[in-house]
Structure formats: C-alpha cells, structure tokens
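See below for the structure under consideration.
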Amino acid sequence: MGIVNVTPDSFSDGGRFLDPGRAIAHGARLAAEGADILDIGGESTRPGAEPVPLEEELRRVLPVVEGLAAAAESLPSPPQISIDTSKAPVAEAALEAGASLVNDVTALRGDPEMAGLIAARGAECCLMHMLGEPRTMQLEPRYGDVVAEVREFLARRLEFAVSHGVPEERILIDPGIGFGKTEAHNLELLRRLDELRELGRPIVIGTSRKQFLGRIQARASGASDPVDVDGRLAGTLATNVLAYERGASVFRVHDVAPVRDALAVAAATLGLR
Ligand code: HH2
C-alpha cells in the first residue's frame, strides 16, 4: 500500500504533494514500483495534528482520487484506490470517484454514517486501533497488556462493522503503530503481531518512517537527536520484514520499491515464494 498524502502537514512528506498533479504523478510512480493499493489522504493524523474541515479535505483528495482512478485504468494490473479518511462524506465522494477501500483510522468511530455507507457501497474497510485522538494521543499512553487490548478493541470493532452490514471478508485490521503508543508499545505490538492473526482478517501494518524508528536508529549510531524522516528507511524495512514474518499482509509505506524488494527477499528466505 503506497501512501499518497495530499496535505500541507503530514509528518514525513507534508506539502510535497498538495498540488493534485504532483500527487497523481507520485501515486502513478508508486503503482509502477509495485503498489497494489494507493492510499490517498487529505488529513494528517500525526501526533498533535488539528482536524481538517470537510470542504478542505474534499478539495484536496477528490481530484487525486479521480486522477489516479483514471490513470489506473490504463495499467496492466490497476492498483486499488483507498481513501484515508474518517469522514463519511469524503469516503462517499471518493467511492463515487473510483475508490473501493476506506482506511478509517478511527475504526468507524469518527462518523456515525461511515459503517452504513461502507456496507451500502459494498466497499472494503481497514479498521485501525488508536488510543485517544491525534491531537492528544501521544500524551502518556498507558496499557496493561498492549497486545491484548489492541486485539480486544479490533475484535469489538469487527463485530460493530459486521453488525452494520459490512461483510467480514471486506474488513482488514491494523494495530495502529504510533497511534497512542510509546516506542515500547510499538515494539511489543510488532514482536507479538502474530497474536492478531486469531481475528482471522488480513493485517495491515504502518511503520513507515515513524518517529520511534528515528529514535532507535539514532541510538544505534550514537547520535543524540532522532534520525530525521528521510533517514528512516532502514527501520522501515526491518519492521516491515518482521511484520511480514509474523503475519502482516498489507504494508502501508512511503517507499514502495525498497519495501517490495525487502519483502521479496524475506519471502524467498522463508520459502514462501
Ligand atoms: N498511519 C498514518 C496514517 N494512516 N492508516 C493505517 N491504516 N495505518 C497506519 O499506520 C497509518 C494510517 C500516519 O502516517 P502518514 O500518512 O505518513 O502521516 P500523516 O498522518 O501525518 O499524514
């Protein structure tokens, strides 16, 4: 899953693809590198981010969804278009324009219309765990057993989605790395990711360029400041390979080609391809 952020403030690429033409070209490049899914988002969820008004989010993402849906038609294996939103009107417009997956970081808690919309449109959805909300989520997050609590949360959200008419086969789950979690929580979730397999749904993992990788890499090299976003590919590769080995099947990343290669080598090593 290649990330297309159409935002001025995303933590790693904010402002780079705010222009629709550039965002479409970027998405097309990720598809050419092997992305099976393009995840288009118009609202940053980085720690501390402020919510974006509906009209503004629509204005950012719609031309990009339309452009990439049109571009996808001419590709030999067209990528699926995903809309990263927690607002039902944005999801609705994107589904109308060619998206077929709704990546909702609130796991259908953000908008009461979202579950019914996804069910009515026969779309797929990704349910992600988040403790709190982006504005405040990194202020001292606490868990007893983080993996058990995330699994329990996802089990309840799966039940909720199914009870609102979304078929189980159309649902993916995601532990929400970095969403209300300390470095230790993120690492524990990755280490014990296989425990989420019990839920029987495909596992999405999103570690790409995230802050905890910058801190770990800095410690490895003896640097005092965290490695900045552009230097976090090593950590991104390591965590995606380990997540793959523990059962993840969708990898939400900024750098599609290197992750594709790392996963191909991991699969060959495990005798899976
Ligand atoms: N992470 C981000 C955004 N959406 N969706 C899922 N399912 N899983 C994730 O881990 C996830 C997500 C944050 O990353 P990014 O989009 O690069 O940054 P920002 O939210 O600042 O735009």
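The values are calculated or read from the model by the stated rules, or taken from the named source; none is laboratory data. Here the structure is a predicted model, which is why all the values come from computation and not from measurement. All Cβ positions, even for glycine, are placed from backbone atoms using ideal geometry, and neighbour counts span all protein chains on display. Remember, those area values only see protein heavy atoms, side chains included, never the ligands or the DNA or RNA. Shrake-Rupley method; radii C 1.70, N 1.55, O 1.52, S 1.80 Å.
Name the residues in the stretch 72-83 that are without any contact (Cβ under 8 Å) to a residue 60 or more places away in the chain and either open to solvent by less than 40 Å² (accessible area, probe 1.4 Å) or part of a strand (DSSP E or B) (or both), would you? Passing the criteria: ALA72, GLN80, ILE81, ILE83. LEU172 fulfils the conditions (1) closer than 27 Å to SER10 by Cα; (2) out of contact with any Pro (no Cβ under 8 Å at 6 or more places or on another chain); (3) at pLDDT 95 or above except for a single criterion, (2). Only one of (1) touching an Asp or Glu at 6+ places or on another chain (Cβ under 7 Å); (2) in a helix (DSSP H, G or I); (3) open to solvent by 20 Å² or more (accessible area, probe 1.4 Å); (4) not acidic (Asp, Glu) fails for SER86. Which number is that? The failed condition is (2). Being of a type in the set (A, V, I, L, M), open to solvent by less than 40 Å² (accessible area, probe 1.4 Å), part of a helix (DSSP H, G or I) and farther than 21 Å from THR106 by Cβ is the requirement here; does ALA184 meet it? Against the criterion (of a type in the set (A, V, I, L, M), open to solvent by less than 40 Å² (accessible area, probe 1.4 Å), part of a helix (DSSP H, G or I) and farther than 21 Å from THR106 by Cβ), ALA184 does not qualify. Scanning the stretch 196-226 for residues that are away from the ligand (no atom under 12 Å from the Cβ), part of a helix (DSSP H, G or I) and either open to solvent by 50 Å² or more (accessible area, probe 1.4 Å) or small (Gly, Ala, Ser) (or both) turns up ARG197, GLU198, GLY214, ARG215, ILE216, ALA218, ARG219, ALA220, SER221.
ASP104 passes every criterion in (1) among the charged types (D, E, K, R); (2) touching a Cys at 6+ places or on another chain (Cβ under 9 Å); (3) surrounded by fewer than 24 Cβ atoms within 10 Å (Cβ to Cβ) apart from (3).
Would you confirm whether any residue within the stretch 94-106 is within 21 Å of ILE24 (Cβ to Cβ), assigned to a helix (DSSP H, G or I) and either touching a residue at least 60 places away in the same chain (Cβ under 8 Å) or not small (Gly, Ala, Ser) (or both)? Scanning the stretch 94-106 turns up at least one residue that is within 21 Å of ILE24 (Cβ to Cβ), assigned to a helix (DSSP H, G or I) and either touching a residue at least 60 places away in the same chain (Cβ under 8 Å) or not small (Gly, Ala, Ser) (or both). For the residues GLU92, GLU124, the requirement of being among the acidic types (Asp, Glu), surrounded by fewer than 24 Cβ atoms within 10 Å (Cβ to Cβ) and within 14 Å of the ligand (Cβ to nearest atom) singles out GLU124. Specify the residue that is nearest to ARG192 (Cα to Cα); the eligible residues are those in the stretch 144-163 that are open to solvent by less than 40 Å² (accessible area, probe 1.4 Å) and either within 13 Å of the ligand (Cβ to nearest atom) or not in a helix (DSSP H, G or I) (or both). Applying the filter and picking the extreme gives VAL150. Whether a residue is within 16 Å of the ligand (Cβ to nearest atom), touching a helix residue (DSSP H, G or I) at 6+ places or on another chain (Cβ under 7 Å) and assigned to a loop (DSSP other than H, G, I, E, B) was assessed, and PRO134 does not pass this test. When the stretch 1-18 is filtered for residues that are without any contact (Cβ under 8 Å) to a residue 24 or more places away in the chain and either near the ligand (Cβ under 9 Å from one of its atoms) or of a type in the set (Lys, Arg) (or both), only ARG16 remains.
The residue of the stretch 120-155 that is nearest to PRO51 (Cα to Cα), among those that are touching a His at 6+ places or on another chain (Cβ under 7 Å) and of a type outside the set (Val, Ile, Thr), is PRO141.
Of all the numbered requirements in (1) in a helix (DSSP H, G or I); (2) among the hydrophobic types (A, V, I, L, M, F, W, C); (3) within 25 Å of ARG260 (Cβ to Cβ); (4) more than 14 Å from the ligand (Cβ to nearest atom), VAL64 misses one, and that requirement is (4). For the stretch 227-273, the set of residues classified as open to solvent by 50 Å² or more (accessible area, probe 1.4 Å) and part of a helix (DSSP H, G or I) consists of ASP230, LEU233, ALA234, ALA238, LEU242, GLU245, ARG260, ASP261, VAL265, ALA268, THR269, listed by residue number.
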